[in-house]
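One structure is given below, encoded as structure tokens.
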Amino acid sequence: MEKFDVVIIGAGPGGMTAAIYTQRANLKTVMLEKGAPGGKMMTTWEIENYTGTGKITGFELSEKMFNHTQELGVDYRYGDITNIVDKGDVKEVHTTSGEVYETKAVIIASGTNPRTTGAPGEAELSGKGVSYCAICDGAFFKDTDIVVVGGGNSAIEEAVYLSKTVKHITVVNILPDLQADAKSIEEAKETGKMDYRLGHEIVSFNGDEKLKSVTIRDVETKKEETLEVEGAFIFIGSVPEASFVKDLNIQNKWGYIEVDDHMMTKVPGVFAIGDVIDKELRQIITAAADGTIAAVQISNYIKRLDKKQKA
């Protein structure tokens, strides 16, 4: 069992920012990540609203942040977390491969996973035409017809990105209007490659070895229509990646972790930041801000803890 001052679960923008601050505070820090550094930021095609960078790809910003952590000497390791055990002044972080990390404080920065439609065929055809990442899989659908499911900024921005490669895109949204901002909608219009099925839901994803078509249904009239497509990209929101905290009783009814203004949960020493917490705005810059707050508060928390143990 290795001992640390801080264990950070997740290496997205929040986790990496927190690591920079805790490392600079001379706290022994390890950052555990089961994917690539950057999280969802890695698969974002273009970022225009992160202060000081101008237009930059998600991969580039992820690389810059990760390199910053490594220049400071942050310990970075693979880790798929199974649970966190609260032992009072110390916590144990357990992984699927059997490692146990003992720590004074934990920062949960595990983010979210894509929400699925739950329609028949989706799971079976995932990776066989059904995708949740435009930048990862867009190149496989050159000059083909596809559907994009969703009507928010993520869906429309990713559809604009996909328009550079595919032949035609049908945007399917269960609501009668798009929720994306005006700029994104205008950019989508300018591609000349999109039409819309608003107020429609997914009935099924069809195909044996690969996706052949998607059946949709008008929410009001119940009329069904089958679209012959080779790809379906789904962007309908996310669910928190927090199954490993179920024993701590720190989640709300939707599974998001509840924190106070200091990013601390109701379990002293357990903090959470970024997309995994209950909040209104989920952006790269707000995740980084969360990480800064949590790191500073942890530094104060550990000072108090050390003082108590010496008394």
Handout entry: Inter-residue pairs, beta-carbon under 7 Å, first under 11 Å from Val276 (Cβ atoms) and in segment 234-250, second part of a loop (DSSP other than H, G, I, E, B) and charged (D, E, K, R), 6+ apart
Key = Ser238/Arg115; Val239/Arg115; Ile250/Glu258; Ile250/Lys266
Problem - Single match in Thr43, Thr53 (criterion: of a type in the set (Val, Ile, Thr), modelled with pLDDT under 95 and surrounded by fewer than 15 Cβ atoms within 10 Å (Cβ to Cβ)) - result: Thr53
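Could you list all residues from segment 142-153 that are farther than 22 Å from Val203 by Cα and either buried (at least 21 other Cβ atoms within 10 Å of the Cβ) or at pLDDT below 95 (or both)? Reasoning before the result, please.
Let us first name the residues in segment 142-153 that are farther than 22 Å from Val203 by Cα, namely 142-143, 153.
The answer is Asn153, and nothing else.
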Practice task
Of the numbered conditions (1) surrounded by fewer than 18 Cβ atoms within 10 Å (Cβ to Cβ); (2) at pLDDT 95 or above, Gly237 fails exactly one; give the number of that condition.
Solution key: (2)
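Residues to consider are Thr116, Thr96, Thr144, Thr112; find the one that is of a type in the set (S, T, N, Q), within 23 Å of Ala11 (Cα to Cα), touching a residue at least 40 places away in the same chain (Cβ under 8 Å) and touching a strand residue (DSSP E or B) at 6+ places or on another chain (Cβ under 9 Å). Spell out how you get there, then give the answer.
Numbers: Thr116 fails: within 23 Å of Ala11 (Cα to Cα); Thr96 fails: touching a residue at least 40 places away in the same chain (Cβ under 8 Å); Thr144 fails: within 23 Å of Ala11 (Cα to Cα).
Of the residues listed, the single one that is of a type in the set (S, T, N, Q), within 23 Å of Ala11 (Cα to Cα), touching a residue at least 40 places away in the same chain (Cβ under 8 Å) and touching a strand residue (DSSP E or B) at 6+ places or on another chain (Cβ under 9 Å) is Thr112.
Quick one: in segment 1-43, of everything that is assigned to a loop (DSSP other than H, G, I, E, B) and aliphatic (A, V, I, L, M), which residue is nearest to Val90 (Cα to Cα)? Don't jump to the end; show me each part of the working.
The first filter runs over segment 1-43 and keeps only residues assigned to a loop (DSSP other than H, G, I, E, B), leaving 1, 10-12, 25-28, 34-38.
Cutting the leftovers down to aliphatic (A, V, I, L, M) gives us 1, 11, 25, 27, 36.
Values: Met1: 13, Ala11: 22, Ala25: 19, Leu27: 15, Ala36: 28 Å.
Result: Met1.
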Exercise for the section: Filter segment 19-34 for residues that are under 11 Å from Ser299 (Cα atoms) and of a type in the set (Gly, Ala, Ser) and give the result. Expected result: Ala25
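Just to be sure, is Val203 crowded, with 16+ Cβ neighbours inside 10 Å, in the same structural domain as Glu224 (by TED's automatic domain parsing) and under 23 Å from Thr57 (Cα atoms)?
Details: crowded, with 16+ Cβ neighbours inside 10 Å: yes; in the same structural domain as Glu224 (by TED's automatic domain parsing): yes; under 23 Å from Thr57 (Cα atoms): no.
It is false that Val203 is crowded, with 16+ Cβ neighbours inside 10 Å, in the same structural domain as Glu224 (by TED's automatic domain parsing) and under 23 Å from Thr57 (Cα atoms).
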Completion exercise
Considering residues that are under 20 Å from the mean Cα position of the chain (by Cα) and assigned to a loop (DSSP other than H, G, I, E, B), the number found within segment 253-264 is 7
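Being in a strand (DSSP E or B) and in contact with a Leu (Cβ under 9 Å, 6 or more places away or on another chain) is the filter; apply it to segment 225-247 and report the residue that is nearest to Asp86 (Cα to Cα).
If we filter segment 225-247 for residues that are in a strand (DSSP E or B), which is where we start, we get 225-228, 231-234, 238-240.
Now drop any that are not in contact with a Leu (Cβ under 9 Å, 6 or more places away or on another chain), which leaves 231-233.
Working: Gly231: 45, Ala232: 42, Phe233: 40 Å.
Among those that are in a strand (DSSP E or B) and in contact with a Leu (Cβ under 9 Å, 6 or more places away or on another chain), it is Phe233.
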Practice task
Would you check if there is a residue in segment 8-29 being touching a strand residue (DSSP E or B) at 6+ places or on another chain (Cβ under 7 Å), at positive phi, crowded, with 21+ Cβ neighbours inside 10 Å and among the small types (Gly, Ala, Ser)?
Solution key: yes
Problem - Test: residue in segment 57-75 that is surrounded by fewer than 13 Cβ atoms within 10 Å (Cβ to Cβ) and under 30 Å from Lys308 (Cα atoms) - result: yes
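For segment 297-308, does any single residue satisfy the condition of being over 22 Å from Cys133 (Cα atoms), buried (at least 16 other Cβ atoms within 10 Å of the Cβ) and without any contact (Cβ under 8 Å) to a residue 40 or more places away in the chain? First the steps, then the outcome.
Just the residues of segment 297-308 that are over 22 Å from Cys133 (Cα atoms), to begin with: 297-308.
Filter once more, keeping what is buried (at least 16 other Cβ atoms within 10 Å of the Cβ): 297-299, 301-302, 305.
Within this subset, residues satisfying the condition of being without any contact (Cβ under 8 Å) to a residue 40 or more places away in the chain are 297.
Yes, because at least one residue in segment 297-308 is over 22 Å from Cys133 (Cα atoms), buried (at least 16 other Cβ atoms within 10 Å of the Cβ) and without any contact (Cβ under 8 Å) to a residue 40 or more places away in the chain.
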Exercise for the section: With respect to Thr286, determine if the residue is touching a helix residue (DSSP H, G or I) at 6+ places or on another chain (Cβ under 7 Å), in the same structural domain as Arg24 (by TED's automatic domain parsing), at pLDDT 95 or above and under 20 Å from Gly38 (Cα atoms). Expected result: no
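Restricting the search to segment 168-193, which residues are farther than 18 Å from Ile236 by Cα and either surrounded by 14 or more Cβ atoms within 10 Å (Cβ to Cβ) or touching a residue at least 24 places away in the same chain (Cβ under 8 Å) (or both)? Quick ask: steps written out before the conclusion?
At the first step, the residues of segment 168-193 found to be farther than 18 Å from Ile236 by Cα are 168, 182-183, 186-187, 189-193.
Matches in segment 168-193: His168, Glu187, Thr191, Lys193.
Can you name every one of the strands (runs of 3 or more DSSP E) wholly within segment 104-203 that holds 3 or more residues which are more than 25 Å from Ala36 (Cα to Cα)? Talk me through it step by step, then tell me what you get.
Details: elements: 112-114, 145-149, 168-173, 194-198.
Those strands (runs of 3 or more DSSP E) span 145-149, 168-173, 194-198.
Taking the stated definitions as given, is Glu102 in the same structural domain as Gly10 (by TED's automatic domain parsing) and modelled with pLDDT of 95 or more? Lay out the reasoning, then the answer.
Working: in the same structural domain as Gly10 (by TED's automatic domain parsing): yes; modelled with pLDDT of 95 or more: yes.
Yes; evaluated as a whole, the condition is true for this residue.
The values are calculated or read from the model by the stated rules, or taken from the named source; none is laboratory data. Keep in mind that this is a model prediction, so the values were computed, not measured. Glycine also receives a Cβ, built like all others from the backbone with ideal geometry; neighbour counts cover every protein chain displayed.
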